[in-house]
Amino acid sequence: MAELQTTYTDTIAAAYPGMIANGESGNRISRTCETSAGIGFGKAVFRGSGDHGCVLTQTLTATSAAFSGNTGNGAMGTVTVSAGAKIGVYSLVVIEPGTNAGKFTLTDPDGVVVGTGAVAAAFSAGGLAFTLADGATDFASGDGFSLTVAGNAFLGISIATSDLPLMPGADADEYQQYDNVAILTGGTPIWVTAGGSVTDGAAVFVDSAGDFVASGGIPLTDWTFDTTGADDALVKIVKR
């Protein structure tokens, strides 16, 4: 008979990525995996392109529109979106007009001021980068632009399961393309891998490697770390 396992560790791991941490009631949904490389356990999952689909990555775009009634006729350049941007409408408002210049504030969809910038100078903060060009007519106080960020929203965290068959060529501990992915949307803590040092109570972000960090990645609104841990450690996150 073939041997499935011949060596064992002295201790049993306390947890693993995607493991539900306790018996609290949690909100769970399921969606079909669209990502060809699969979705690992304990990963951030985003809305897919098809009905009831989900993917491992988030893709965001941005468009801009001048406020009706603007005095100035300067134009908004191409808006580049990166990690940290929120889906929704940002508001850029000129607060200090000037000759061939001016100062503005940018406020995110939740009403939080992202930063201040200058007309005709490159601006980059909160996941948005652009240049507001000066026009033949200077901007007046209160002039502005709406910047709309659109894309596939965050759904939740993939839940580990032992029910998946390991198909030839497939990796263990992940959902394969077309599998039904169990997703925790909140209510009870879940174990994930930290991408850096994190502390209990800190806000949760996802970095480019798909690990969970305390800043600098995709923000997971209302999720917080429920334990403290070092880089690569298993930690709990929760949304209540």
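The values are calculated or read from the model by the stated rules, or taken from the named source; none is laboratory data. Everything numeric in this text was worked out from a predicted model, so none of it was measured. All Cβ positions, even for glycine, are placed from backbone atoms using ideal geometry, and neighbour counts span all protein chains on display.
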**Message:** Can you tell me which residue is surrounded by the fewest Cβ atoms within 10 Å (Cβ to Cβ) among those in segment 212-224 that are over 22 Å from Gly38 (Cβ atoms) and in contact (Cβ under 8 Å) with a residue 60 or more places away in the chain?
**Reply:** Thr221
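Applying the selection to segment 93-123, what residues are in contact (Cβ under 8 Å) with a residue 12 or more places away in the chain and under 23 Å from Gln58 (Cβ atoms)?
Initial filter on segment 93-123 (in contact (Cβ under 8 Å) with a residue 12 or more places away in the chain): 93-110, 114, 116-120, 123.
Hits for segment 93-123 are Leu106, Thr107, Asp108, Pro109, Asp110, Val114, Phe123.
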**Asked** Residue check: is Gly111 over 17 Å from the mean Cα position of the chain (by Cα) and either at positive phi or basic (Lys, Arg) (or both)?
**Response** yes
**Asked** In segment 84-119, what residues are outside any strand (DSSP E or B), surrounded by 14 or more Cβ atoms within 10 Å (Cβ to Cβ) and not basic (Lys, Arg)?
**Response** Gly84, Ala85, Ile87, Asp108, Pro109, Val119
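Here is a yes/no grid of residues against (1) under 26 Å from Ala37 (Cα atoms); (2) more than 15 Å from the chain's Cα centre (by Cα):
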residue: Ile183; (1), (2): yes, yes
residue: Ser197; (1), (2): no, yes
residue: Gly210; (1), (2): yes, no
residue: Asp232; (1), (2): yes, yes
residue: Lys236; (1), (2): yes, yes
**Prompt:** Does Ala203 satisfy the criteria of being among the hydrophobic types (A, V, I, L, M, F, W, C), at pLDDT 95 or above, surrounded by fewer than 19 Cβ atoms within 10 Å (Cβ to Cβ) and at negative phi?
**Reply:** yes
**Item:** Complete set of residues in segment 120-139 that are crowded, with 17+ Cβ neighbours inside 10 Å and in a loop (DSSP other than H, G, I, E, B)
**Value:** Gly126, Gly127, Asp134, Asp138, Phe139
**Asked** Tell me, which residue of segment 41-59 that is surrounded by fewer than 19 Cβ atoms within 10 Å (Cβ to Cβ) and outside any loop (DSSP other than H, G, I, E, B) is farthest from the chain's Cα centre (by Cα)?
**Response** Gly53
**Asked** So Asp171 fits all but one of (1) in a loop (DSSP other than H, G, I, E, B); (2) at pLDDT 95 or above; what number is the exception?
**Response** (2)
**Prompt:** Would segment 184-207 turn up any residue that is under 30 Å from Phe67 (Cβ atoms) and hydroxyl-bearing (Ser, Thr, Tyr)?
**Reply:** no
